[in-house]
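Worksheet for the structure shown next.
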Amino acid sequence: MNKREFLKKSGILITGTALSRFVLGEQPPAARTNWAGNYKYSTDHLLKPKTVEEVQKAVKSCTKLKALGARHSFNGIADSTENQISLKQLDQMTVDKAARSVTVGAGVTYGQLAPYIDAQGFAVHNLASLPHVSVVGACATATHGSGSKNGNLSTAVSAVEFVTADGEIVTLSRQKDGDKFPAAAVALGGLGVVTKITLDVLPTFQVRQVVYENLSMAQLENHLDDIFLSGYSVSLFTDWQNHKATQVWIKRRVEPGSSFEFAPEFYGAKLATQKLHPLAGHSAENCTEQLGIPGPWYERLPHFRMNFTPSSGAELQTEYFVPRNRAYEAILAVEKLRDQVGPHLFISELRTIDADELWMSTAYKRPSLAIHFTWKPEWPAVKGLLPMIEEQLTPFDARPHWAKLFTMVPSRLQSLYTKLPDYKELVKHYDPNGKFRNGFLDTNLYGA
Ligand SMILES: Cc1cc2nc3c(=O)[nH]c(=O)nc-3n(C[C@H](O)[C@H](O)[C@H](O)COP(=O)(O)OP(=O)(O)OC[C@H]3O[C@@H](n4cnc5c(N)ncnc54)[C@H](O)[C@@H]3O)c2cc1C
């Protein structure tokens, strides 16, 4: 399709001037799938504004529009049948040392943010397993790392600037907008197109990471809290076989003056003496440094190194959040499915997240354990397994990760979020005609 046809089809041949400069018309978009390649976006119309004004014009010109981040979600949460908008070019970052905050454009990824703030003496409190996700896209879906005392990434958000359906710019802040802000920090892309986000920062810190092998799951019965509190961030990996976690990754902050060693045994698990990948037999080259070697927070908190794009996207992901006080029971419930799950699983990861007050957060008012599955790219089989896992986790009111694959019926999902009606009120206020609603939101938040 040539540029003129494209503009016509996209319904934005209105001025032929400002808009056409930032609409991707000459070249077909490089990738019209998500990172994993399991989800094909339903439109070829991708707007690429360079400024906030261009975002406003784009929003005004479309009747339907969905913002796209770094394409790392596994489902249709960022999809649109009409127009998507990528704010990748809005990549400015400003640290406010006095306020201890950083404000970033919506195109910025954690991989860009982290070295920038670290160089100025700051850190964010936590990171996801890989740094390639955008800050705005990650916060929109309550993306998390691990650490029983760490809220998910969106708990660092103190202000969000977004363009509403009528093209106006609104800023909601934690300090001034207590009644609305809890919907804006985890907004699922529903309130508007976010142009800027402000995060709390803390003084930079160093982290040491070690891996222990073969922790009996039985240890979790009485020591789950101690195990997950044994580091700033702790992850257990399991294939659900033999009632054990194959690996325990412990990331500890290096406190000034402390020089302790990691014990050779941890609840019966053995300290690894070489660097490991979570998947047995895979090269650990692209994993962050282990063996207790200290390094900057952003080179230890993710599992995968910044300058490596993880192998390929040939995987699927699912994750459920259960209340921490019932975590062990929930683990046992999933473990019952080990024979069915095993053949289709790469690995599972167990992480903890502190409770928060963000209405649509998977950890809303619940200190949580996240039970994650990295699946082989075998969707028909995985699709058959998810209802079985969800059934096992029903007694625990498990909430699925917004950005991963799940099969829970919408009415059940909706019942897990007591503040959903308030969130919807706010969506209606900023987007009365559903410009930012897509199939995912229509089904999961508004469907029966
Ligand atoms: C390999 C891999 C590892 C992962 N590890 C973790 C992990 O450790 N922990 C975890 O919790 N999750 C993890 N995820 C999931 C990932 O963090 C989420 O899918 C996250 O939302 C991806 O962000 P993104 O920038 O790719 O946004 P996208 O997937 O492109 O979009 C996600 C949502 O953000 C919205 N959005 C994006 N930009 C804007 C904007 N400017 N304005 C309004 N809305 C916007 C979209 O509309 C959509 O609703 C992982 C995913 C992959 C592929």
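Taking 0.36 nm per residue of sequence separation and removing the Cα-Cα distance, the Thr273/Lys336 pair yields an extension gain of 19.5 nm. Summarised in one figure, the compactness ratio Rg/Rh of segment 32-180, Cα atoms and Kirkwood Rh, is 0.96. Projected label points at Leu202 and Thr81, each 7 Å from Cα along the beta carbon direction, are separated by 4.6 nanometres. Simple point charges give the picture: +1 on the Cβ of Lys and Arg, -1 on the Cβ of Asp and Glu, and for segment 130-288 a dipole about the Cα centre of about 240 debye. Protection proxy ranking for 115-121, 320-326, using the average of other Cβ atoms within 10 Å per residue and placing the highest first: 320-326, 115-121.
The length gained on full extension between Gln89 and Gln175, counted as 0.36 nm times the residue separation minus their Cα-Cα distance, comes to 28.1 nm. Residues Asp79, Asp226, arranged from fewest to most other Cβ atoms within 10 angstrom of their Cβ, appear as Asp226, Asp79. Think of the chain as a dipole: +1 on every Lys or Arg Cβ, -1 on every Asp or Glu Cβ, centred on the Cα centre; then among Gly190, Gln274, Thr374, Gly190 lies furthest on the positive end. Each peptide among 122-135, 239-252 gets the average number of other Cβ atoms lying within 10 Å of its residues, and from highest to lowest they stand as 122-135, 239-252. Here, the chain has an Rg and a Dmax of 21.7, 69 Å when only alpha carbons are counted. For the options His401, His277, His72, a Gaussian network treatment of the chain with springs between C-alpha atoms closer than 10 Å singles out His277 as fluctuating the most.
Placing a pseudo-label 7 Å from each Cα along the Cα-to-Cβ vector at Arg326 and Glu289 gives an inter-label distance of 4.3 nm. Using Cβ point charges alone (K and R +1, D and E -1), the dipole size of segment 341-419 about the Cα centre works out to roughly 120 debye.
What the Cβ-Cβ distance of Ser258 and Asp226 gives, at R0 = 22 Å and to the nearest 0.05, is a FRET efficiency of 0.70. Computed from phi, the 3J(HN,Hα) profile of segment 284-290 under the Karplus parametrisation 6.51, -1.76, 1.60 (θ = phi - 60°) reads 8, 3, 8, 8, 5, 4, 10 Hz, with x in place of Gly and Pro. Over the C-alpha trace of segment 176-326, radius of gyration and Dmax come out as 18.3, 52 angstrom. For segment 106-117, 3J(HN,Hα) computed residue by residue from phi via the Karplus equation (6.51, -1.76, 1.60; θ = phi - 60°) reads 5, x, 6, 9, 4, x, 7, 5, 4, x, 5, 6 Hz, glycine and proline entered as x. In straight-distance terms, cross-link reach from Lys40 covers every one of the lysines whose alpha-carbon lies under 24 Å from its own, apart from those fewer than eight places away in the same chain; here that gives Lys3, Lys8, Lys9, Lys48, Lys64, Lys66, Lys88, Lys376, Lys383, Lys404, Lys435.
Against the main long axis of the alpha-carbon atoms of the chain, helix 379-393 sits at an angle near 70°. Rounded to the nearest 20 debye, the dipole magnitude of the chain is 1020 debye, with +1 charges on Lys and Arg beta carbons, -1 on Asp and Glu beta carbons, and the Cα centre as origin. Highest GNM mean-square fluctuation among Pro264, Pro367, Pro380, for the chain modelled with Cα contacts below 10 Å: Pro380. Choose one answer from Lys435, Lys66, Lys50: the residue with the largest mean-square fluctuation in a GNM of the chain with alpha-carbon springs under 10 Å. Ranking Lys435, Lys66, Lys50 by mean-square fluctuation puts Lys50 first. Dipole orientation for the chain: of the candidates Ser73, Gln247, Leu337, Ser73 has the Cα lying most toward the positive pole (charges on Cβ; Lys, Arg +1; Asp, Glu -1).
Here, each number is a calculation from the coordinates, and none is a lab measurement. Since the structure is predicted, the reported quantities are computational estimates derived from the model, not experimental observations. Here the Cβ is made from the backbone with ideal geometry for all residues, glycine too, and neighbour counts use every protein chain on show.
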